1. Mind listing whichever residues of region 137-148 are modelled with pLDDT of 70 or more and assigned to a loop (DSSP other than H, G, I, E, B)?
2. Given the condition in contact with a Lys or Arg (Cβ under 7 Å, 6 or more places away or on another chain) and at pLDDT 85 or above, answer yes or no: does some residue in region 115-134 qualify?
3. Select from region 99-111 the residues that are under 16 Å from Ile138 (Cβ atoms) and either modelled with pLDDT under 90 or assigned to a strand (DSSP E or B) (or both) and list them in ascending order.
4. Keeping to region 76-92, report how many residues are touching a Phe, Trp or Tyr at 6+ places or on another chain (Cβ under 9 Å) and free of Cβ contacts under 8 Å to residues at least 60 places away in the same chain.
5. Scan region 86-98 residue by residue and report those that are aliphatic (A, V, I, L, M) and in a loop (DSSP other than H, G, I, E, B).
Amino acid sequence: MWTDPRLLGALFAQGQRLLAALSILSHVVFTSDNGTTHPAGKNPRFGTGGVDSDFFNSTAGLRGYKGSVYEGGLRVPLIVRLPGRIQAGAVNDFKAVRQRLKTPQPGAWELYDLKSDPNEQNDLAGQRPELIAKAEAILRDQVHKNLVFPVPIPGLRPKNPTAP
């Protein structure tokens, strides 16, 4: 249904009208959550499922299912607009992942190049420490500024030590 060009055209037309009405400093994010649900009976930890993901090739071989941070659970493009901060037409094929953030022992950082490794099999975190440092800086910046919904993360030094 969502692949009907008339629906997509209408969606993008509405988006253009919205962008024209917003301030140049507005941060606009357009994305979705279209990962397939968990296969029936494969992981009793999840109470959802019932799809025959192998038969329907629901993840097309990508890692993970709905609720996962991997492409099989997300598998949608992300479009962001923030003039002056994000260059128009910029593409980022790298994806940083860090799980269990709110636990006493958060997981290690993972880094994938989705263009050359769409199945997220080759963790590049050890080879690209500058991208992990950038991801941690973004996480640190976002955590300390969110006073309404603070998320303390063990092992992450806040940018502002007095912030939650």
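1. Of everything in region 137-148, those that are modelled with pLDDT of 70 or more and assigned to a loop (DSSP other than H, G, I, E, B) turn out to be Leu147, Val148.
2. Yes; the residues of region 115-134 include at least one that is in contact with a Lys or Arg (Cβ under 7 Å, 6 or more places away or on another chain) and at pLDDT 85 or above.
3. Passing the criteria: Leu101, Pro106, Glu110, Leu111.
4. Residues flagged as touching a Phe, Trp or Tyr at 6+ places or on another chain (Cβ under 9 Å) and free of Cβ contacts under 8 Å to residues at least 60 places away in the same chain within region 76-92 amount to 4.
5. Of everything in region 86-98, those that are aliphatic (A, V, I, L, M) and in a loop (DSSP other than H, G, I, E, B) turn out to be Ile86, Ala88, Ala90, Val91.
The values are calculated or read from the model by the stated rules, or taken from the named source; none is laboratory data. Since this is a predicted model, take the numbers as computed values, not measurements. Positions of Cβ are generated from backbone atoms using ideal geometry, with glycine treated the same way; all protein chains shown enter the neighbour counts.
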